[in-house]
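Enquirer: I'd like to ask some things about the structure below.
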Amino acid sequence: MSFWHEAIERLEKILAGSGLEDGVVTLDVNYGADVCQYPKGVCMEGNFGGQSGQFITSEPIRAKTRISFMFGAPLATQKQRAAAGVITNTVSSFLNLTRKLHPCTPDCYAPCLAELSQKIAGKKVYLVGPMPVLERALKDQVVGSPEAADLFLVAGDGMTRDEDVAAIDEYRGKKQMIFLGPSTAGVSGLLKLEHWCPYGR
């Protein structure tokens with residue numbers, strides 16, 4: 001079972017019988033939003049019950065959809081997984097299931113990167129998803145294959161592309177994984193995964 005399906009099954013159980021599963025989440029693109037510095041892409045934003053969540057992706061969509069669209073869905077494409085990500089984050093925000101679902105402001109970028117670099121110093125790192133900031137900052141640590149890594153850093157589209165989803169599923173529980181920023185917060189909270197977002201809100 002994919003980590004996506006496991007997380008969504010947990011959310012489905014939390015919502016069961018509440019009526020919220022039939023609620024409609026509005027998905028849009030917010031080009032002006034503050035975003036995490038790590039993932040590459042645009043901000044897809046969800047709104048539900050006065051709360052919002054975001055997911056940074058190269059495959060954003062605009063739509064209105066029921067929360068239950070995710071339940072039992074194959075989530076076979078990058079667009080579907082990104083939509084599931086933003087819905088999961090938005091509903092997690094509404095239910096207060098996890099913290100740090102909104103990004104820090106740009107003045108926090110430098111200290112966040114410095115603290116993350118210190119935390120993973122000396123480790124071989126596999127970047128799951130496009131992350132230009134980390135490709136530059138960690139160039140001496142980044143390795144080209146999951147097998148060679150001590151730890152995975154996961155952000156944004158790293159949770160949606162076929163090869164990256166397969167790598168996460170194969171190595172989860174076998175190698176350290178740190179999920180970065182608000183895009184990964186909902187799934188991280190539901191699955192109790194290590195999450196990094198010290199300055200998020």
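Enquirer: Past 19 Å, Cα to Cα, is the threshold; run Lys40/Lys124; Lys119/Lys175; Lys119/Lys139; Lys124/Lys174; Lys139/Lys174 against it and keep the listed order.
Expert: Lys40/Lys124; Lys139/Lys174
Enquirer: Sticking with this one: How big is the chain on each of its three principal axes, counting only the C-alpha atoms and giving the largest first in Å?
Expert: Rounded to whole Å, the extents work out to 49, 37, 25 Å.
Enquirer: Here is a follow-up. Which value in nm describes the separation of the simple spin-label points at Tyr109 and Phe69, placed 7 Å from the Cα toward the beta carbon?
Expert: 3.1 nm
Enquirer: Net charge within 12 Å of Gln176 by Cβ-Cβ distance, Lys/Arg positive one each and Asp/Glu negative one each, not counting Gln176 itself?
Expert: With Lys, Arg at +1 and Asp, Glu at -1, the net is +4.
Enquirer: Now a separate question. Quick one: Lys100, Lys119, Lys124, fewest Cβ neighbours within 10 Å first, how do they rank?
Expert: If I rank by nearby Cβ atoms, fewest first, I get Lys119, Lys124, Lys100.
Enquirer: Further question: What is the local net charge at Pro146, summed over the other residues whose Cβ is closer than 12 Å to its Cβ (Lys, Arg +1; Asp, Glu -1)?
Expert: Residues close to Pro146 contribute a combined charge of -2.
Enquirer: May I pose another question? Towards the positive end of the charge dipole of the chain, with charges on Cβ (+1 Lys, Arg; -1 Asp, Glu), say which of Tyr199, Thr160, Pro130 has the farthest Cα.
Expert: Tyr199
Enquirer: For Ser92, Ser52, which order do you get if you count the other beta carbons within 10 Å of each Cβ and list the fewest first?
Expert: With the fewest neighbours first, Ser92, Ser52 line up as Ser52, Ser92.
Enquirer: Using the 10 angstrom Cβ neighbour count as an exposure proxy, how do Tyr199, Tyr38, Tyr31, Tyr171 rank, fewest first?
Expert: Arranged by neighbour count, lowest to highest, Tyr199, Tyr38, Tyr31, Tyr171 become Tyr31, Tyr199, Tyr171, Tyr38.
Enquirer: Let me ask something additional. Counting Lys and Arg as +1 and Asp and Glu as -1, each charge on the Cβ, what is the dipole of the chain about the Cα centre in debye, to the nearest 20?
Expert: Roughly 260 debye, rounded to the nearest 20.
Enquirer: Once both labels are modelled 7 Å past Cα along the beta-carbon direction, what's the Ala121-Ala166 spacing in nm?
Expert: Once both label points are built, they end up 3.7 nm from each other.
Enquirer: Distance in nm between label sites at Arg62 and Asp140, each 7 Å beyond Cα in the beta-carbon direction?
Expert: My value for the distance between the label points is 4.6 nm.
Enquirer: Another question, then. In the chain, which Cys residues have no partner Cys with a Cβ closer than 4.7 Å?
Expert: So, Cys36, Cys43, Cys112, Cys197.
Enquirer: On the first, second and third principal axes, largest extent first, how far apart are the outermost C-alpha atoms of segment 91-184 in Å?
Expert: 38, 30, 20
Enquirer: Quick query: amide H of Val142 versus all other amide H atoms, modeled in the peptide plane; which residues come in under 5 Å with a sequence gap of 5 or more or a different chain?
Expert: For Val142, whose amide H was placed from the backbone, the distant partners under 5 Å are Val125.
Taken together, the values in this text are just the output of simple stated rules run on the coordinates, not laboratory data. This one's a predicted model, so the numbers in the text were calculated from it and none came from an experiment. Methodologically, a virtual Cβ is constructed for each residue, glycine included, from the backbone with ideal geometry; neighbour enumeration extends over all protein chains shown.
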